[in-house]
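The values are calculated or read from the model by the stated rules, or taken from the named source; none is laboratory data. Just so we're clear, the structure is a prediction, and the values are computed from it rather than from any experiment. All Cβ positions, glycine included, derive from the backbone under ideal geometry; neighbour counts span all protein chains shown. SASA here: full protein model, heavy atoms, side chains in, ligands and nucleic acids out. Shrake-Rupley method; radii C 1.70, N 1.55, O 1.52, S 1.80 Å.
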Amino acid sequence: MVDLTKGYPDKGYKIIGKPVPLIDSRAKVMGQALYTDDIRLHNPLTIKILRSPYPSANILSLDTKDALALKGVKGILTGADFKNTFGVLTISKDEPAIARDVVRYEGEPIAAVAAETETIAEAALKLIKVNYEITEAVLDSKTALKPTDRPLHPELNKENNLHKKVLQEFGDMEQGFSEADVVIEKRFRFASINHGFTEPHATQVEIDNKGNITVYSATQVPHYLHMAMAEVLEIPEHNIRIVKPHLGGGFGGKSDPFPHEMIAAKFALDLGRNVKIKFTREEVFFSHHGRHQTDLTMKLGFSKEKGITALGLDTLIDGGAYGSFGIVTTYYNGVLLQGPYKIPNFRFHVNRMYTNKPMCGAMRGHGGVNPRFASEVLLDMACAEIGLDPAETRLKMIHKENTLTTNEFRITSVGLQNGLKEAMRRTKWHEKYGKLPFGKGIGVACGFFISGSALPIHWNKLPSSTVRMTIDHDGGVTVYSGATDIGQGSDTMLAQMAAEVLGQSLGNIKVISADTRITPVDLGSYSSRVTFMAGNASRNAAIRMRKILVEAACALLDIDPPKYEKPEKSKDFFRQGGLKPDFEQGFLGPNPDYSDGFIFEDGLIRSENHNQSVTFLEAVEKALEFEGILQTSGTYRAPKLGGKFKGAGAGLSPSYSFTAFIVEVTVDSETGFIKVDKATCAHDCGFPLNPLAVNGQIEGCIHMGLGQALMEEMVYDNGATQNPSFLDYKIPSAFEQPVVDIVPTFSDDSEGPFGAKEAGEGILAPIIPAIANAVYDAVGIRLTQLPMRPDRVIFALEKAKKDKGATS
């Protein structure tokens, strides 16, 4: 058996840092885990949605009379039944639950039917008569830039279909390019891709005799769904309970509130009946919310002595019909290029456009994947032109710890140098790069990502995450968190926090998560925030509980309890964690040092100074005598970060992860087929809380990266989705997965819980350019369009051959 802890320092933890199965793994393997559609409500109605057959049209009339008359039909909703629009961002609430008067993409909901059976509901859809006036559609982002008297969203009062424009510049670009030994500029194009999660969208709503609704939904953001639903339905939030059952994948695709959730809740309220809806796979693709189609021009200046001297990009992203996370995406297309290397002169200009296509939103590696591809390919080109080793060059440029980027991101911990060096050693980089036979190649690329956004989507002063913890009379510990486990293992991570601090086994920890009636607020699973933020909150709740138990143990032992003095604030802007907990404040601090002279292990609480002990259960019983209940809470608040310029908050994070990939490929020059033979990954996630889970995330990111690199793309024809199924939308299978070698890459982050950083998204981006750079090493072509399909490889090879013949 492989030792997954090898290569990481031994910090003496009992639970943290050890490879443990996810706490829900047995239920999933045994088929016992309940997903949204598995829940059996009493006598629910089935909902089906009528969708627009056109990408752009006016709804002249909509007749539901015949459909309502069909036996078994209990209700029909149209756009007229919803007053308020919604959106995950407060500044972009532009989506209706059902289209009203205007259709903006093919597949948009036009009406919804609730009936006793699915068969009846489908029959009723065919009886709804809709009279459309087809209008000219805006089908690409370049057309969307042109002036029009019919913008998709006239409420924005813009002369074209611009949703969001961001322009930021730092340093002196002209000076930066003048200092470069080589300046390279290229255009890149990226297809929109879908998340491809296994579980389709599904929602069930249960209503009680007082009109309160419980919404079971496949969502990544119960808190934001709760808020949006209350606004759309115009009812108090306390009348709504959101519960996320087990989730069959999200990857960002379930991080918005969705129309079908509003429709289901509205039916339950109007009809007083339980209801359910589950998408077909085709409907999942119509809903989309995937990665934006992107057209990007990037210019890079590079110096042998100074590294990257300037980087500029102009980007056009196709957002589809509505906003979703698009404003954040627009910023992330630029700001996430501020790592992993120092870039003294930097400019980016991004326009997100509305078009008559299914909307795009957040997807794993949100906003940073496509520009990362471009920058790493250009860097590779610069190294090739000057004659430098691309891996050695990257090693020299990686950020140093405790520094600021040009746009004032705070860089705290960086372990990538050691990781990349080890990856180079394992792959025999120096023996292979530029020396393999034609058709075989090796390439390198690096990446950088946030460990949660330091600023909330909804501006308020609430903590980023809150966890409640209780201990039962028999010593069982329960963690309550609004954080959403979407398969990444966050429930296990929360349990690990409590188990380590309280000296308990994982089997003695229960986790109740993502239930807005009984769990405190967590903002959701997006931006790789849960480990850093909810992890710190769970750890702090356990530290407060530990203090109560220590005081109870001292009372039993008749000794003085420890003195918990108020700690001084850290004077180090870059290392604010690891101080003693501040029990006078609601927030104890990030990753506080909870050492107190007591050892919790083997069911005992032992005083180190007195060498006396009581059992954990004895301390619990004594503590219960004080107030009759053992309950604590813990929070996390991000430190104050960032500059004062407009948009300075975008991309701010308490910490950043760093990643490097070395990829080996075989390219068949006759067929154009690219086979990735091996992927070696060094991912700096700080200290890995659970190496088994970290490795799973790395392997998953490799799989998704292969898809975008080689085969995945949404295909549209006049706005109509052409490949809305897993038969037509090609995703890598297990046969395409390469040999994977994971290099332990450690850094010491003082503020992450037990030193941890993100390991869910940042891994994905660099494998894609690493593949492209390996293709260049194999057959000498630069591919600037994704996916790198065989036909594009053949075309590039033929072009290279012609160019070579023309110059010889």
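How many residues, within the stretch 159-183, are among the polar types (S, T, N, Q) and either free of Cβ contacts under 8 Å to residues at least 12 places away in the same chain or over 22 Å from LEU316 (Cβ atoms) (or both)? First the steps, then the outcome.
Kept after step one, since they are among the polar types (S, T, N, Q), are these residues of the stretch 159-183: 160-161, 168, 175, 178.
Pick out the ones that are also either free of Cβ contacts under 8 Å to residues at least 12 places away in the same chain or over 22 Å from LEU316 (Cβ atoms) (or both) and you get 175, 178.
Total meeting the criteria: 2.
Determine which member of the set GLY603, GLY586 is touching a Phe, Trp or Tyr at 6+ places or on another chain (Cβ under 9 Å), surrounded by fewer than 18 Cβ atoms within 10 Å (Cβ to Cβ) and among the small types (Gly, Ala, Ser). None of the others qualify; the one that does is GLY603. In this structure, ALA734 does not qualify as in contact with a helix residue (DSSP H, G or I) (Cβ under 6 Å, 6 or more places away or on another chain), on the phi < 0 side of the Ramachandran plot and not in a strand (DSSP E or B).
Mind checking whether some residue in the stretch 714-722 is within 23 Å of the chain's Cα centre (by Cα) and either outside any loop (DSSP other than H, G, I, E, B) or closer than 30 Å to VAL103 by Cβ (or both)?
Taking the stretch 714-722 and keeping what is within 23 Å of the chain's Cα centre (by Cα), we get 714.
Right, trim to either outside any loop (DSSP other than H, G, I, E, B) or closer than 30 Å to VAL103 by Cβ (or both) and you get 714.
Among the residues of the stretch 714-722, at least one is within 23 Å of the chain's Cα centre (by Cα) and either outside any loop (DSSP other than H, G, I, E, B) or closer than 30 Å to VAL103 by Cβ (or both), which makes the answer yes.
Taken over the stretch 259-288, the criterion of being buried (at least 24 other Cβ atoms within 10 Å of the Cβ) and assigned to a loop (DSSP other than H, G, I, E, B) is satisfied by HIS288 alone.
Being within 21 Å of VAL182 (Cβ to Cβ) and open to solvent by less than 10 Å² (accessible area, probe 1.4 Å) is not true of CYS360.
Only one of the numbered conditions (1) part of a strand (DSSP E or B); (2) within 30 Å of ASP181 (Cβ to Cβ) is not met by GLU305, and that is (1). Checking ILE543, ILE548, ILE559 one by one, the residue that is β-branched (Val, Ile, Thr) and free of Cβ contacts under 8 Å to residues at least 60 places away in the same chain is ILE559 and no other.
Can you tell me which of GLY642, GLY651 is surrounded by 17 or more Cβ atoms within 10 Å (Cβ to Cβ), out of contact with any helix residue (DSSP H, G or I) (no Cβ under 8 Å at 6 or more places or on another chain) and either under 28 Å from GLN338 (Cβ atoms) or among the hydrophobic types (A, V, I, L, M, F, W, C) (or both)?
Values: GLY651 fails: out of contact with any helix residue (DSSP H, G or I) (no Cβ under 8 Å at 6 or more places or on another chain).
Exactly one of GLY642, GLY651 is surrounded by 17 or more Cβ atoms within 10 Å (Cβ to Cβ), out of contact with any helix residue (DSSP H, G or I) (no Cβ under 8 Å at 6 or more places or on another chain) and either under 28 Å from GLN338 (Cβ atoms) or among the hydrophobic types (A, V, I, L, M, F, W, C) (or both), namely GLY642.
For the stretch 791-808, which residues satisfy the criterion of being open to solvent by less than 50 Å² (accessible area, probe 1.4 Å) and touching a residue at least 40 places away in the same chain (Cβ under 8 Å)? Scanning the stretch 791-808 gives ARG792, VAL793, ILE794, LEU797.
Picking from residues in the stretch 231-242 that are crowded, with 21+ Cβ neighbours inside 10 Å and not in a helix (DSSP H, G or I), the one that is farthest from the chain's Cα centre (by Cα) is ILE240.
Residues are listed down the side, and each one gets a yes or a no for (1) in a loop (DSSP other than H, G, I, E, B); (2) farther than 30 Å from PRO245 by Cβ; (3) open to solvent by less than 60 Å² (accessible area, probe 1.4 Å):
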| position | (1), (2), (3) |
| --- | --- |
| VAL113 | no, no, yes |
| ASN131 | no, yes, no |
| LYS158 | yes, yes, no |
| HIS195 | yes, no, yes |
| VAL205 | no, no, yes |
| LYS210 | yes, no, no |
| VAL215 | no, no, yes |
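Here the condition is being acidic (Asp, Glu), open to solvent by 30 Å² or more (accessible area, probe 1.4 Å), within 30 Å of ASP10 (Cβ to Cβ) and touching a strand residue (DSSP E or B) at 6+ places or on another chain (Cβ under 8 Å); of GLU699, GLU736, it holds for GLU699 alone.
Of all the listed residues (ILE39, ILE47, ILE59, ILE76), the sole one being at pLDDT 95 or above and under 28 Å from the mean Cα position of the chain (by Cα) is ILE39.
Tell me the residue from ASP741, ASP748 that is in a loop (DSSP other than H, G, I, E, B), of a type outside the set (A, V, I, L, M) and in contact (Cβ under 8 Å) with a residue 60 or more places away in the chain, please. Lay out the reasoning, then the answer.
Working: ASP741 fails: in a loop (DSSP other than H, G, I, E, B).
Testing whether each residue is in a loop (DSSP other than H, G, I, E, B), of a type outside the set (A, V, I, L, M) and in contact (Cβ under 8 Å) with a residue 60 or more places away in the chain leaves just ASP748.
With respect to the conditions (1) touching a His at 6+ places or on another chain (Cβ under 8 Å); (2) hydrophobic (A, V, I, L, M, F, W, C); (3) assigned by TED's automatic domain parsing to the domain that holds GLY649; (4) not in a strand (DSSP E or B), PHE251 falls short on a single one, namely (3). With a requirement of 3 or more residues that are over 30 Å from GLU736 (Cβ atoms), the strands (runs of 3 or more DSSP E) lying completely within the stretch 578-669 that satisfy it span 598-601, 604-607, 612-615, 631-636.
For first residues located in the stretch 131-158 and without any contact (Cβ under 8 Å) to a residue 24 or more places away in the chain, partners that are open to solvent by 100 Å² or more (accessible area, probe 1.4 Å) and not in a helix (DSSP H, G or I) and lie 6+ apart or on another chain with Cβ distances below 7 Å form the pairs PRO147/GLU159.
Go through the stretch 42-73 and give me each residue that's more than 22 Å from ARG273 (Cβ to Cβ) and either assigned to a loop (DSSP other than H, G, I, E, B) or open to solvent by less than 20 Å² (accessible area, probe 1.4 Å) (or both). Across the stretch 42-73, the qualifying residues are SER52, PRO53, TYR54, PRO55, SER56, ALA57. Among the candidates ILE39, ILE16, ILE23, the residue that is touching a residue at least 40 places away in the same chain (Cβ under 8 Å) and open to solvent by 60 Å² or more (accessible area, probe 1.4 Å) is uniquely ILE23.
Which strands (runs of 3 or more DSSP E) sit wholly inside the stretch 434-516 and have at least 3 residues that are open to solvent by less than 10 Å² (accessible area, probe 1.4 Å) and either in the same structural domain as GLY628 (by TED's automatic domain parsing) or at pLDDT 95 or above (or both)?
Values: elements: 440-450, 465-471, 477-481, 509-513.
In the stretch 434-516, the matching strands (runs of 3 or more DSSP E) lie at 440-450, 465-471, 477-481.
Out of everything in the stretch 305-331 that is closer than 27 Å to ILE398 by Cβ and of a type in the set (Asp, Glu), what residue ends up being surrounded by the fewest Cβ atoms within 10 Å (Cβ to Cβ)? Filtering the stretch 305-331 for residues that are closer than 27 Å to ILE398 by Cβ and of a type in the set (Asp, Glu), the one surrounded by the fewest Cβ atoms within 10 Å (Cβ to Cβ) comes out as GLU305.
Filter the stretch 529-572 for residues that are among the basic types (Lys, Arg), more than 21 Å from THR478 (Cβ to Cβ) and open to solvent by 30 Å² or more (accessible area, probe 1.4 Å) and give the result. Those that are among the basic types (Lys, Arg), more than 21 Å from THR478 (Cβ to Cβ) and open to solvent by 30 Å² or more (accessible area, probe 1.4 Å): LYS563, LYS566, LYS569, LYS571.
Residue-by-condition table, conditions (1) at positive phi; (2) in the same structural domain as VAL102 (by TED's automatic domain parsing); (3) not aliphatic (A, V, I, L, M):
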| site | (1), (2), (3) |
| --- | --- |
| LYS28 | no, no, yes |
| GLY31 | yes, no, yes |
| ILE47 | no, yes, no |
| SER61 | no, yes, yes |
| GLY72 | yes, yes, yes |
| LEU77 | no, yes, no |
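Of all the listed residues (ARG104, ARG51), the sole one being assigned by TED's automatic domain parsing to the domain that holds ASP208, under 30 Å from PRO456 (Cβ atoms) and in contact (Cβ under 8 Å) with a residue 24 or more places away in the chain is ARG104. Across the stretch 739-783, the qualifying residues are those that are under 30 Å from TYR594 (Cα atoms) and of a type in the set (A, V, I, L, M, F, W, C), and the one among them that is surrounded by the most Cβ atoms within 10 Å (Cβ to Cβ) is ALA759.
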